[in-house]
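Engineer: Supplied in structure tokens, the structure appears directly below.
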């Protein structure tokens, strides 16, 4: 299906882009927060997550995988946010409804996955931080704790993004179902196939009156019989 009608939470294709309206959208606000949190997380771990010695040991209980996980998920989350912000800005310009559907489905899958990955990362790094001897943390304690805090904050922001994408998907499916239902309604089909039915009554009933020339015939004239 192609055309200018709005679908999946967006207006009609070809509508002018309004930056102020775009920034105020809930999905854009939550994505900007997720982007900011991702920068803080991988920035804090990259700057202060490793000991300034030859072995480059991670301060999260010496587990370099913990630091690598936080940095990797943070960088990928940042790139994902940038990608979907661009798609959000161009979404109303997409005239193909199927393409809109695929974008929304991708948003659901990716946002849901990153919500789960941040939850796992928060549990993982918090566990390692609780096992870390504080005497081994030479510097950057606040940065490491900030990374944990913003991992926790990232869980609801990505969760909200998932919920908003699900709402857009349901809205689009409801619109498609309504259009298909009106098209497949037998009453609508019968009405469209017999446009003259309204002049003679309901569909299936005779729309013509009885011919004025087919009345009751007059009885034959009586004839006089001869009397005997």
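The values are calculated or read from the model by the stated rules, or taken from the named source; none is laboratory data. Small disclaimer: the values here were computed from a predicted structure and weren't measured. Cβ: placed from backbone, ideal geometry, glycine included. Neighbour counts: every protein chain shown.
Engineer: Count, please, the residues in region 118-164 that happen to be assigned to a helix (DSSP H, G or I) and in contact with a helix residue (DSSP H, G or I) (Cβ under 7 Å, 6 or more places away or on another chain).
Structural biologist: Residues flagged as assigned to a helix (DSSP H, G or I) and in contact with a helix residue (DSSP H, G or I) (Cβ under 7 Å, 6 or more places away or on another chain) within region 118-164 amount to 27.
Engineer: If you check residue 41 against the conditions, is it assigned to a helix (DSSP H, G or I) and either under 20 Å from the mean Cα position of the chain (by Cα) or free of Cβ contacts under 8 Å to residues at least 24 places away in the same chain (or both)?
Structural biologist: no
Conditions (1) under 16 Å from the mean Cα position of the chain (by Cα); (2) at pLDDT below 95; (3) farther than 27 Å from residue 60 by Cα, marked per residue:
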| residue | (1), (2), (3) |
| --- | --- |
| 82 | no, no, yes |
| 91 | yes, yes, yes |
| 94 | yes, yes, yes |
| 102 | yes, yes, yes |
| 108 | yes, no, yes |
| 122 | no, no, no |
| 126 | no, no, no |
| 144 | no, yes, no |
| 147 | no, no, no |
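Engineer: In this structure, is residue 35 part of a helix (DSSP H, G or I) and loosely packed, with under 14 Cβ neighbours inside 10 Å? Walk me through how you get there before you give the answer.
Structural biologist: Values: part of a helix (DSSP H, G or I): yes; loosely packed, with under 14 Cβ neighbours inside 10 Å: no.
Considered against the rule, which asks whether it is part of a helix (DSSP H, G or I) and loosely packed, with under 14 Cβ neighbours inside 10 Å, residue 35 comes out as no.
Engineer: Let me ask something else. Given the residues 60, 69, which is the only one that is touching a residue at least 24 places away in the same chain (Cβ under 8 Å), assigned to a loop (DSSP other than H, G, I, E, B) and crowded, with 19+ Cβ neighbours inside 10 Å?
Structural biologist: 60
Engineer: With (1) modelled with pLDDT of 85 or more; (2) over 17 Å from the mean Cα position of the chain (by Cα); (3) buried (at least 17 other Cβ atoms within 10 Å of the Cβ) as the list, and residue 51 as the residue in question, which single condition is left unmet?
Structural biologist: (1)
Engineer: Out of curiosity, is residue 72 under 21 Å from residue 130 (Cα atoms) and modelled with pLDDT of 90 or more? Quick ask: steps written out before the conclusion?
Structural biologist: Values: under 21 Å from residue 130 (Cα atoms): no; modelled with pLDDT of 90 or more: yes.
No.
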